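Novice: Sharing a structure, written as structure tokens. Questions coming.
The values are calculated or read from the model by the stated rules, or taken from the named source; none is laboratory data. Model, not experiment: these values are computed from the prediction. Cβ atoms come from the backbone with ideal geometry, glycine included; neighbour counts cover every protein chain shown.
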Amino acid sequence: MTAASTSTAVPGAALVSVIMPVFNSGKTLRKAIDSVLRQTFPAVELIIVDDCSTDDSAAIIEAYAGVDSRVKSIRQPANAGVAAARNSGLDAATGSHIAFLDSDDWWDPHKLEIQLEQMRLSDARVCYATYQRVDEAGKAISLVSPPSAITYTDLLKSNYIGHLTGIYARSIGDFRFRRIGHEDYVFWLDVVKTTGGAVCASSQHPLAFYTVRSGSVSANKLRAAGWQWRIYRDVLHLSAFDASLYMIHYAIRAIIKRRPEIP
């Protein structure tokens, strides 16, 4: 499949807006940006939101923006966190579809092409995909393979939509990130609840690569579990009984997701 065939096969999909928040990511930023600009589906705008980095991130962003008109550079007036940075990117987006990529992760070159074609074939307005968890050296840790279709109830049990793999049609509506732990999970809960479901890209290999950092917030399993419980109780207002049932599903899926691959 060629990029040209995809762009004509998805009616109205003239442009995919890719939102990338950045904070002191100079060491990994080029790889992330290149993975977007080298997509086989070429109709993209890459909106990079610098959350007041103090390293060379801003210079790297401006260098790309100076030579490629698809790159839009935004610098936050003050450091406000990843949720605010992503919301600034959403405010600036002009595409018919929205996708996300963090500055230390990267995509397979065919990621958008495959997903847009899958959305066309299934008449879906949300798509997600398999992704590879890797360490900071790029070595594979585990493969995360979500089910081929999910409902809102399925998503309550586990965050099946890896944020770096998600893409949705803006015709669904406008969504915002909330400044809470697991803000990406709550974001996709809002999206899927609105649509009633989603369809996974039909790919047996990972379309995205997620970097697991030893000192990252997401690596703190107890804190992540606390965030998940507060989402069930304080954001979604589930009963203690229902929240407990979903927490069991969440814990089991978290173990499976982190199961190391056998060499």
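Novice: Condition check: surrounded by 20 or more Cβ atoms within 10 Å (Cβ to Cβ), among the small types (Gly, Ala, Ser), at pLDDT 90 or above and in contact with a Ser or Thr (Cβ under 9 Å, 6 or more places away or on another chain). Does Gly166 satisfy that?
Specialist: no
Novice: May I ask you to say which residue of Tyr210, Tyr246, Tyr232 is touching a His at 6+ places or on another chain (Cβ under 9 Å) and at pLDDT 85 or above?
Specialist: After applying the criteria, what remains is Tyr210.
Novice: Please enumerate the residues belonging to region 16-27 that are closer than 19 Å to Val67 by Cα and either surrounded by fewer than 19 Cβ atoms within 10 Å (Cβ to Cβ) or out of contact with any strand residue (DSSP E or B) (no Cβ under 8 Å at 6 or more places or on another chain) (or both).
Specialist: Within region 16-27, just Gly26 meets the criteria.
Novice: State which residue is surrounded by the most Cβ atoms within 10 Å (Cβ to Cβ) when the search covers only region 51-77 and only residues that are out of contact with any strand residue (DSSP E or B) (no Cβ under 7 Å at 6 or more places or on another chain) and among the β-branched types (Val, Ile, Thr).
Specialist: Out of the qualifying residues, it is Ile60.
Novice: Within region 28-42, take every residue that is touching a residue at least 60 places away in the same chain (Cβ under 8 Å) and either touching a Pro at 6+ places or on another chain (Cβ under 7 Å) or assigned to a loop (DSSP other than H, G, I, E, B) (or both) and give me the one that is surrounded by the fewest Cβ atoms within 10 Å (Cβ to Cβ).
Specialist: Arg38
Novice: Might you check whether a residue that is more than 14 Å from the chain's Cα centre (by Cα), touching a residue at least 24 places away in the same chain (Cβ under 8 Å) and buried (at least 17 other Cβ atoms within 10 Å of the Cβ) occurs anywhere in region 208-217?
Specialist: no
Novice: Further, regarding this structure: What do you reckon, is Thr195 touching a Lys or Arg at 6+ places or on another chain (Cβ under 9 Å), among the β-branched types (Val, Ile, Thr), touching a residue at least 40 places away in the same chain (Cβ under 8 Å) and on the phi < 0 side of the Ramachandran plot?
Specialist: Against the criterion (touching a Lys or Arg at 6+ places or on another chain (Cβ under 9 Å), among the β-branched types (Val, Ile, Thr), touching a residue at least 40 places away in the same chain (Cβ under 8 Å) and on the phi < 0 side of the Ramachandran plot), Thr195 qualifies.
Novice: Among the residues of region 78-116, count how many are over 23 Å from Leu155 (Cα atoms), more than 14 Å from the chain's Cα centre (by Cα) and surrounded by fewer than 23 Cβ atoms within 10 Å (Cβ to Cβ).
Specialist: 14
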